[in-house]
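The values are calculated or read from the model by the stated rules, or taken from the named source; none is laboratory data. This structure is a prediction, so every number in the text was calculated from the model and none was measured. Cβ coordinates were reconstructed from backbone atoms using ideal geometry, including for glycine residues, and neighbour counts include every protein chain displayed. Side chains included, ligands, DNA and RNA excluded: accessible areas come from the protein's heavy atoms. Shrake-Rupley method; radii C 1.70, N 1.55, O 1.52, S 1.80 Å.
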Amino acid sequence: MGIGFAGVALAFGLTVLTMAYAIGHISGCHLNPAVTLGLVTGKRFPAKEALPYWIAQVVGGILAAGVLYVIATGKAGFEVGGFASNGFGEHSPGGYSLMACLVAEVVLTFFFLLVIMGATDQRAAKGFAPLAIGLCLTLIHLIGIPVTNLSVNPARSTGPAIVAAANGAGWAVNQLWLFWLAPLVGGALGGLFYKMVLAEHEAPPVEEKPVAYAAEN
């Protein structure tokens, strides 16, 4: 018996929540290329450091998918199939169209970045950011799993797609472009929007005018 959509959503959310407390103070806990890009556009992370993060994230996603494959195939009768890869059209869990899946991934990633930026803002309550971020990821999984199996993370999408393709489900790699494009667009827009609209902007310094003294008659 599976754990269902709610169980999967909680698994993703709790993973990010616990890892944020574990390594957030070391690396910022960027496990997601879309989040890294959003933090770059939001001026929270230097652009020159984005590529090494992306490489580590994708390698980690592929290795994680490999570990899951080894575990899953240890059960007799297990069929790899799409290996929970993200998909649209006939490969969407709910049969949603390409456009619907594109919009869902962009919008959900956009709001994910808003929560990340807001929870880590200097004005936010200290120490609670991982809770907000983890619960937000749980929520958007509950919304998005029926639509695309939910990505909002190109690295998470890449690993399962490679495993699925290696086992005959080539569609997973053929559709992977969407699950890079949409999260990156949503993440970049989310970071930029927060920076431009929601961030606290320092007021310009008051221009000091010289005081003129009039001679008394």
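Some notes on this structure:
- FRET efficiency for Ala166 and Ala76, using Cβ-Cβ distance with R0 set to 30 Å, rounded to 0.05: 0.90
- Were the residues from Ile26 through Glu49 laid out at 0.36 nm apart, the gain over their Cα-Cα distance would be 6.8 nm.
- Cβ-Cβ distance of Leu181 and Thr15, R₀ of 41 Å, FRET efficiency by 1/(1 + (r/R0)^6): the value works out to about 0.95.
- As a length-normalised measure over Cα pairs under 8 Å and 6 or more apart, the relative contact order of the chain settles at 35 percent.
- Three-way shape label, the range 47-112, alpha-carbon gyration tensor, a/c 1.5: oblate
- Hz values of 3J(HN,Hα) by residue in the range 87-96 - Karplus curve (6.51, -1.76, 1.60), Gly and Pro given as x: x, 10, x, 5, 9, 7, x, x, x, 7
- Percentage, to the nearest whole number, of Cα pairs in the chain over 28 Å apart: 33
- With protein chains left intact and a 1.4 Å probe, residues in the chain average 56 Å² of accessible area per residue.
- Overall, the accessible surface of the chain at a probe of 1.4 angstrom is composed of carbon and sulfur to the extent of 69 percent.
- Lysine pairs in the chain whose alpha-carbon atoms fall under 28 angstrom of each other, counting only those eight or more residues apart or on distinct chains, come to 5.
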